[in-house]
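The values are calculated or read from the model by the stated rules, or taken from the named source; none is laboratory data. Please read these numbers as outputs of a predicted model, since none were measured by experiment. Cβ coordinates were reconstructed from backbone atoms using ideal geometry, including for glycine residues, and neighbour counts include every protein chain displayed. Remember, those area values only see protein heavy atoms, side chains included, never the ligands or the DNA or RNA. Shrake-Rupley method; radii C 1.70, N 1.55, O 1.52, S 1.80 Å.
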Number of protein chains: 2
Amino acid sequence: MSEKVVIIGGGAAGPKTAAKLRRIRPDILIELYTQEDIISYSACGLPYFIENIIQNPQTLILRTPEDFKKQNINIFTKHRCIKVNTEEKNVVIKNLETNEDFNVSYDVLVIATGAVPVIPNIQGVNLKNIFKLRTIQDGINVKQKMRTSKRAVLIGGGYISIETMEALISNNIDVTLIEKHSHILKMFDEDLAQMVQDYIIGRNPGQAHILTNENVIKFEGNKNGEVEKVITESGKIIEADFVVLGTGVRPNTDFLKDSGIKLGVYNSIKVDNTMKTNKQSVYAVGDCTHDFNLVTNRHVWVPLGSTANKEGRCAAINIAGENCIFEGILNSTITKYFDLTISIIGISKKEADKLGFQSEYAIVTKRDKAGYMPDTGTMTLKLLVDKYNHTILGLQGIGEGDVNQRINTVIPAILGKTKIETFMNLDLPYAPPYSPAIDPVLNAAQIVYQKIND
Amino acid sequence: MSEKVVIIGGGAAGPKTAAKLRRIRPDILIELYTQEDIISYSACGLPYFIENIIQNPQTLILRTPEDFKKQNINIFTKHRCIKVNTEEKNVVIKNLETNEDFNVSYDVLVIATGAVPVIPNIQGVNLKNIFKLRTIQDGINVKQKMRTSKRAVLIGGGYISIETMEALISNNIDVTLIEKHSHILKMFDEDLAQMVQDYIIGRNPGQAHILTNENVIKFEGNKNGEVEKVITESGKIIEADFVVLGTGVRPNTDFLKDSGIKLGVYNSIKVDNTMKTNKQSVYAVGDCTHDFNLVTNRHVWVPLGSTANKEGRCAAINIAGENCIFEGILNSTITKYFDLTISIIGISKKEADKLGFQSEYAIVTKRDKAGYMPDTGTMTLKLLVDKYNHTILGLQGIGEGDVNQRINTVIPAILGKTKIETFMNLDLPYAPPYSPAIDPVLNAAQIVYQKIND
């Protein structure tokens with residue numbers, strides 16, 4: 001009999017594992033179980049669907065169960081895994097339509113159950129028109145409600161709220177974002193995060209509002225059970241036709257409680273750099289696993305679609321009997337608010353201080369192209385360097401200029417532990433439409449090097 | 001008496017050396033001599049001036065002699081250095097207005113005389129309306145002639161001709177580019193260069209023409225001595241109202257013949273990684289010096305404004321008594337033809353073969369953003385890897401998508417000698433407006449890694 005690989009989870013990592021494994025090994029039996037009714041969709045695209053940059057939500061579905069069927073991969077939607085028996089090498093699956101449970105045996109198990117939204121424990125959180133934003137149905141719900149609304153409140157100041165803010169502002173909604181920390185984008189340093197706040201408010205004064213240092217203590221509804229008011233600890237009352245919760249996600253691993261599979265940071269699944277768990281023949285990939293941060297050499301939990309894809313690919317290669325090492329991540333993230341690019345890689349200054357790094361930084365605000373070109377944009381870069389060994393610890397970038405290019409230039413230098421004195425003379429290609437003769441990121445490097453040596 | 005630093009040359013490297021040196025050392029005497037009548041201008045911007053993206057040629061001048069005077073740096077324009085006496089520590093300067101020669105003594109000499117156009121030895125090359133494109137006056141001459149012309153011929157298929165072609169096509173000129181090699185852009189492999197040729201012809205059929213494998217043997221003029229016809233070895237006759245020579249440049253070092261200063265590849269000045277020549281207290285920077293290629297570990301001559309700036313900065317730091325090492329270059333170049341980005345870093349496949357590298361490559365054509373975003377562009381990347389040690393040797397990129405970002409991602413990986421198996425899982429930040437979940441450059445890396453391991 002052929003080897004049988006069972007995959008649990010249908011987001012990004014599970015389908016990627018299935019597809020890659022099938023390409024290497026046409027002989028293996030592959031079954032994928034997911035509690036959702038669709039698979040392989042891009043949750044990252046939901047804000048653009050709400051904004052109406054994307055009209056058809058089907059566009060976000062990359063491949064259907066039928067597509068997989070053609071590759072001889074059996075997809076079972078609306079089937080939730082409720083238990084893993086690693087000794088018996090089987091899983092218990094609940095058919096969500098019939099409510100029946102049954103056992104599925106495996107030779108190799110891949111857990112790819114992703115993450116689930118954190119619903120904050122706030123009075124009234126279950127009122128109508130309080131939405132999360134994780135599935136395509138969530139996106140459809142928000143978009144539908146938006147079309148008949150005037151005012152919305154976003155809870156939390158992370159990327160998903162920033163992206164949703166753009167979507168709602170574009171659709172003439174009056175938006176208030178409420179953040180409990182002293183600034184939005186808490187992985188950034190406050191100085192850079194403040195620039196984003198200023199941009200958001202300055203772009204749409206009177207329409208875009210941000211409240212920081214504010215805890216939501218209550219949602220109040222009308223007689224139909226629809227949310228009407230958001231009440232904060234300081235006594236503010238914000239009227240809202242709907243609310244979107246951007247209060248984070250957590251690994252979807254509750255069902256592993258008694259499995260013997262070890263969990264780590266935030267209850268994410270511990271894996272080695274081949275994506276194996278502590279249990280034989282059990283792999284885990286995507287948002288449900290922990291990640292190794294190559295800057296801090298610590299395990300962290302950073303759920304991202306790009307990492308999920310790489311981990312799925314890597315696990316498939318290893319399951320197929322070849323070798324793939326997934327060395328780790330650099331906490332690289334990016335988002336956009338209208339024309340503003342917002343990105344961080346590595347660690348912030350405040351994180352470096354907290355972890356005990358001796359670091360120095362430079363902040364530069366520069367044009368992204370030769371000054372005489374007509375379509376230049378400016379950007380602010382904050383480059384952080386280890387004073388002891390001169391390696392780069394992180395870069396934060398905010399601007400209408402091409403931040404992305406500079407972020408991507410620094411990433412391999414962090415990975416390669418390139419010293420700042422080497423990096424600052426990096427041979428980046430120069431032409432007036434692409435950069436000044438000395439690129440802004442090299443400017444920043446020169447300044448931080450000088451500060452270290454003074 | 002104060003130390004006296006004499007700088008010869010007023011393009012990018014000389015003024016950069018002067019400005020940086022002044023910032024570190026307010027006490028030193030600094031004199032700069034240049035044969036031109038202006039200094040510190042961006043020759044790279046000339047095609048955009050001709051195209052009329054930039055209207056005022058003064059925009060290309062970054063700083064004037066008066067600006068430098070304020071920093072107590074004395075600029076002598078229209079003064080050519082005709083001899084260097086390293087034993088006596090002086091230079092002979094000719095005042096080009098009075099034709100008088102005089103001696104200038106130095107404690108430290110910086111040679112930054114740049115490059116001069118190669119004028120091909122073709123019959124009729126001195127006819128009127130045959131232009132080179134190096135100085136601002138050259139740019140003014142071409143632009144003026146263009147305004148009353150219908151047909152132009154460009155000689156040579158390098159970046160300067162591509163950029164000039166865009167400028168002329170935009171201004172409704174019928175343009176024929178003539179290249180003696182089998183394809184334009186000879187530092188690229190033929191497959192990628194062919195894509196550029198196809199794009200140029202396809203964008204403006206009937207208006208843009210490219211002739212390859214064609215040697216120009218004669219320019220024919222009318223009775224006023226103005227060029228009228230360009231005649232090739234194969235017998236083609238192309239009518240032209242004007243001609244622009246893009247036939248390359250050479251180091252401006254003839255005046256060093258008897259100085260004892262050692263010259264290397266293409267008669268460029270040999271320097272060490274602190275920008276010192278073989279003669280005591282004599283530095284050389286910018287287009288007149290050779291460059292160390294960090295991929296091939298060979299000296300090459302790649303005259304570029306970005307390198308000139310870095311070398312000038314580095315020399316200034318060393319002259320000031322601090323330490324700066326300029327490790328070398330990666331042959332990074334980029335240009336634009338309308339919406340098409342054209343870039344190469346490191347070496348091409350044909351160059352790798354010629355130098356004896358055992359290499360493997362992947363070519364991918366991919367979208368630059370998530371497929372469902374409306375403003376995606378495509379690009380073709382050719383990634384070249386050393387089969388023996390798995391390091392990256394080069395990347396060529398052509399496309400309307402964001403090639404630049406991918407090029408910049410690979411540069412530090414080449415420098416850091418990152419193995420392809422590590423690079424292919426690089427944590428690049430992902431969001432739908434910036435890239436697909438797996439970036440095209442990582443796709444290329446995965447494919448080439450697979451080819452190496454098969």
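Hey, A:A352 hits all of (1) open to solvent by 10 Å² or more (accessible area, probe 1.4 Å); (2) in a helix (DSSP H, G or I) but one; which does it fall short on?
(1)
Under the condition of being open to solvent by 10 Å² or more (accessible area, probe 1.4 Å) and touching a residue at least 60 places away in the same chain (Cβ under 8 Å), which residue from segment B:383-393 is farthest from the other protein chains (Cβ to nearest Cβ)?
B:K387
Working only within segment A:102-116, note down all residues that are open to solvent by 30 Å² or more (accessible area, probe 1.4 Å) and within 22 Å of A:T289 (Cβ to Cβ).
Answer for segment A:102-116, where residues must be open to solvent by 30 Å² or more (accessible area, probe 1.4 Å) and within 22 Å of A:T289 (Cβ to Cβ): A:D107, A:V116.
Which members of segment A:280-302 meet the condition of being assigned to a loop (DSSP other than H, G, I, E, B), more than 11 Å from chain B (Cβ to nearest Cβ) and surrounded by fewer than 24 Cβ atoms within 10 Å (Cβ to Cβ)?
Hits for segment A:280-302 are A:Q280, A:S281, A:H290, A:T296, A:N297, A:W301.
List every residue pair whose Cβ atoms sit under 6 Å apart, with the two residues 6 or more apart in sequence or on different chains, where the first one lies in segment A:105-116 and is part of a loop (DSSP other than H, G, I, E, B) and modelled with pLDDT of 95 or more and the second, anywhere, is buried (at least 23 other Cβ atoms within 10 Å of the Cβ) and charged (D, E, K, R).
A:G114/A:D287
Are there any pairs, at least 6 apart or on different chains, whose C-beta atoms fall under 6 Å, with the first in segment A:421-438 and within 7 Å of chain B (Cβ to nearest Cβ) and open to solvent by less than 10 Å² (accessible area, probe 1.4 Å) and the second at pLDDT below 95 and part of a helix (DSSP H, G or I), and if so, which?
Taking only residues 6 or more apart or on different chains, the pairs are A:P432/B:C44; A:P432/B:G45.
Among the residues of segment A:323-349, write down those that are assigned to a loop (DSSP other than H, G, I, E, B) and among the small types (G, A, S).
A:G328, A:S332, A:S348
Please go through segment A:106-134 and give me each residue that is under 24 Å from A:L263 (Cβ atoms) and polar (S, T, N, Q), ordered by number.
A:T113, A:N121
How many residues does segment A:325-343 hold that are of a type outside the set (S, T, N, Q) and at the interface with another protein chain (Cβ under 8 Å from one of its Cβ atoms)?
Within segment A:325-343, residues that are of a type outside the set (S, T, N, Q) and at the interface with another protein chain (Cβ under 8 Å from one of its Cβ atoms) number 8.
Evaluate the following for A:L263: is it farther than 30 Å from B:D454 by Cβ and either at pLDDT 95 or above or of a type in the set (F, W, Y) (or both)?
yes
Among the residues of segment B:222-259, write down those that are touching a residue at least 40 places away in the same chain (Cβ under 8 Å) and open to solvent by 70 Å² or more (accessible area, probe 1.4 Å).
Residues satisfying the conditions are B:N224, B:E239, B:R250, B:D258.
Being modelled with pLDDT of 95 or more, open to solvent by 30 Å² or more (accessible area, probe 1.4 Å) and not in a helix (DSSP H, G or I), is that true of even one residue in segment B:152-160?
No, segment B:152-160 contains no residue that is modelled with pLDDT of 95 or more, open to solvent by 30 Å² or more (accessible area, probe 1.4 Å) and not in a helix (DSSP H, G or I).
May I ask you to list pairs of residues, at least six apart or on different chains, whose Cβ atoms are under 6 Å apart, with the first in segment A:42-65 being more than 8 Å from every other protein chain (Cβ to nearest Cβ) and the second being among the acidic types (D, E)?
Qualifying pairs under 6 Å: A:P47/A:E163.
Could you tell me whether any residue of segment A:124-142 is of a type in the set (K, R), at pLDDT below 95 and either open to solvent by less than 20 Å² (accessible area, probe 1.4 Å) or not in a strand (DSSP E or B) (or both)?
Yes, some residue in segment A:124-142 is of a type in the set (K, R), at pLDDT below 95 and either open to solvent by less than 20 Å² (accessible area, probe 1.4 Å) or not in a strand (DSSP E or B) (or both).
Give the residues of segment B:169-213 that are aromatic (F, W, Y) and buried (at least 20 other Cβ atoms within 10 Å of the Cβ), sorted by residue number.
Selection gives B:F188 alone.
Can you name every residue in segment A:260-275 that is in a strand (DSSP E or B) and open to solvent by 20 Å² or more (accessible area, probe 1.4 Å)?
A:L263, the sole residue that qualifies.
Are there any pairs with C-beta distances below 6 angstrom linking a residue in segment A:205-221 that is in a strand (DSSP E or B) to a residue that is open to solvent by 60 Å² or more (accessible area, probe 1.4 Å), with the two at least 6 apart or on different chains, and if so which?
Correct list of pairs: A:A208/A:I201; A:I217/A:E233; A:K218/A:Q123; A:E220/A:E228; A:E220/A:K229; A:G221/A:E228.
Could you list, in sequence order, all residues of segment A:52-64 that are in contact with a Gly (Cβ under 9 Å, 6 or more places away or on another chain) and under 15 Å from A:I38 (Cα atoms)?
If the condition is that a residue be in contact with a Gly (Cβ under 9 Å, 6 or more places away or on another chain) and under 15 Å from A:I38 (Cα atoms), then A:P57, A:T59, A:L60, A:L62 are the ones that fit.
Just for segment A:304-322: of the residues that are assigned to a loop (DSSP other than H, G, I, E, B) and surrounded by fewer than 22 Cβ atoms within 10 Å (Cβ to Cβ), which one is nearest to the other protein chains (Cβ to nearest Cβ)?
A:E322
What pairs come up if the first residue lies in segment A:394-411 and is open to solvent by 10 Å² or more (accessible area, probe 1.4 Å), the second is acidic (D, E) and in a loop (DSSP other than H, G, I, E, B), and their beta carbons are under 9 Å apart, counting only those six or more places apart or on different chains?
The qualifying pairs are A:E400/A:D339; A:E400/A:D368; A:D402/A:D368; A:D402/B:D402.
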